[in-house]
Amino acid sequence: MKYATILVFGLLLSVILLTEKKQQEKKQKQKKLELKKAELCTEAKCKLPDCRCSGVVLPKQKFKGKEQEIPQIVTVTFDDAVNAVNYAQYELLFEGLVNPDNCSAAATFFLSHEYTDYVRVNALYNEGHEIALHSVTHGDGTDYWREANVSTIEQEFGDQLTILEAFAKVDPKSVHGMRLPFLQISGNNTFQAAKNLGLTYDSSWPTQQHTNPPMWPYTLDYLSSQDCQIGPCPTASFPGMWVDPMVTWTDTEGYKCSMFDACVYPPEDNVDVLFEWMLENFNRHYKGNRAPFGIYLHAAWFARGANHFAALKKFLNHLTTMPDVYLTSISRMLEYVRNPSLGKPFKSCEEKPKSTCEPFSCNVQKLSTGEERYMSVCDKCPEVYPWLGNPLGKHQ
Ligand SMILES: [Zn+2]
């Protein structure tokens, strides 16, 4: 009798376990099935404001012949940590820069966590700059990001979002975009993670082929025609997810560079030479189809030569004297791409957030290495240095 009872219980248990396993497999299958293979894009199927084919070279077909009336949008982006030194440079760079519509010029900051000064991030945010995501750890190298699965990417960028909300008082609803460290995407995983996090764009994907005419931002509803320089690139459909392609620059020898510091043959360290080089790259957009012009750099580039900062300052100053050039954030630029017009791109200035921040200086331990980390935050120090899996820095 005893054995029979055990046998019955054993059988029951295995039936329950099997059903659970089956259900789990079913769930995983469903998750995989959710990824629909992207089909070829046609303008009949894919319409603004939420869908845009990658191969379309003008914001609207009827703008053909009126290219010179399309507003030229310029997006300046900085990657990595914001600290006291580069914050002072950003302040100087954007000081007094006003667009033709009298709205202040703005940049986009892709923030990674380590060494970031969150009090300064709060200041940039309140000045109207866009705060976007560049991961918590920045990873060990390209392998980490190329092989990252959806949950790793989601945690790296989701935890950074949590850190920004808690310590820089940035409203998570105002955070829309991401850039992968080393520009290393991992195919569909990157965009699935972006979607899960509620982000609306990625700006990690450089193009070397579509620079003349330069590529406009597009959505991943349908298959992308962009050249895949740092694969794997996505193959599935992600409706409404925008790609802001990093249209590469051309260096002095004709080689392409996605970011300033990646140019193999950069111009010599002279304000006028650097300025002319920037203007030449800009004119490919301005005298062409007016696709948004991206200036992609790290603050470290300023240290490459005594005249680098002055050259960029001169160039941005020059741009703001032009009646149809607008320096703005990527997310604001995408608003225009969704609803394009000739002439003025925006109806009104963007309202600046008024996010209060009581600055605190904290000395906290980074648990993974035992090192002390100095950290500037708003309102309250964490107990330990925030990190992946512990973005609020709680004692564990
Ligand atoms: Zn970086």
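Observations, loosely collected:
- Close amide H partners of G240, meaning residues 5 or more places away or on another chain with modelled amide H under 5 Å apart, are L220, D221.
- For the stretch 349-364, 3J(HN,Hα) per residue [Karplus equation, 6.51 cos²θ - 1.76 cosθ + 1.60, θ = phi - 60°, Hz, x = Gly/Pro]: 6, 6, 6, 7, x, 10, 9, 6, 8, 8, x, 10, 9, 10, 10, 10
- Across the options N188, Y118, A236, the greatest Cα extent toward the positive end of the charge dipole of the stretch 93-242 (unit charges at beta carbon of Lys, Arg, Asp, Glu) belongs to A236.
- The peptide list 341-347, 241-247, put in order of mean Cβ contacts within 10 Å with the highest first, becomes 241-247, 341-347.
- Among V337, C362, G288 - extreme Cα towards positive end, dipole of the stretch 288-368, charges at beta-carbon: G288
- Hull volume in cubic angstrom per residue (convex hull over the Cα atoms of the stretch 219-376): 224 Å³
- Given +1 at the Cβ of Lys and Arg, -1 at the Cβ of Asp and Glu and no other charges, the dipole of the chain around its Cα centre is 1820 debye to the nearest 20.
- Reachable aspartates and glutamates, given that their alpha-carbon falls under 18 Å from the alpha-carbon of K256 and they are not under 8 places away in the same chain: D227, D244, E268, E276, E280
- Largest-first principal axis extents, alpha carbons of the stretch 257-334, Å: 32, 22, 19
- Net charge contributed by nearby residues that have their C-beta within less than 10 Å of A166 (K/R +1, D/E -1): 0
- Packing, as the average of other Cβ atoms within 10 Å across residues, places the peptides 279-285, 308-314 in the order 308-314, 279-285, highest first.
- Pairs over the 27 Å Cα-Cα cut-off, from the set K169/K313; K64/K347; K313/K352: K169/K313.
- Charge sum, other residues only, whose C-beta stays under 12 Å from T77's C-beta, Lys/Arg counted +1 and Asp/Glu -1: -3
- ³J(HN,Hα), Karplus 6.51/-1.76/1.60, whole Hz, each residue of the stretch 38-55, x for Gly, Pro: 6, 9, 4, 8, 10, 5, 5, 8, 10, 10, 5, x, 9, 9, 8, 6, 5, x
- Summed side-chain charge close to N86 - residues other than N86 whose Cβ falls under 13 Å, Lys, Arg +1, Asp, Glu -1: -3
- When each of the peptides 84-92, 196-204 is scored by how many other beta carbons lie within 10 Å of its residues on average, the order from highest to lowest is 196-204, 84-92.
- Dividing the Cα radius of gyration of the stretch 193-249 by its Kirkwood radius returns 0.95 for Rg/Rh.
- Cα pair count fraction exceeding 33 Å, expressed as % - the stretch 70-338: 14 percent
- The stretch 44-188 - charge dipole about Cα centre, Lys and Arg +1 at Cβ, Asp and Glu -1, debye rounded to 20: 1000 debye
- When Rg and the Kirkwood radius Rh are both evaluated on Cα atoms of the stretch 93-197, their ratio Rg/Rh stands at 1.02.
- Dipole-positive endmost among A38, T321, P59 within the chain (Cβ charges, Cα centre): A38
- Dividing the Cα radius of gyration of the stretch 135-228 by its Kirkwood radius returns 0.99 for Rg/Rh.
Read the figures in this text as sums done on the coordinates, not as results from a lab. What you see is a predicted model, and the numbers here were worked out from it, not measured in a lab. All Cβ positions, even for glycine, are placed from backbone atoms using ideal geometry, and neighbour counts span all protein chains on display.
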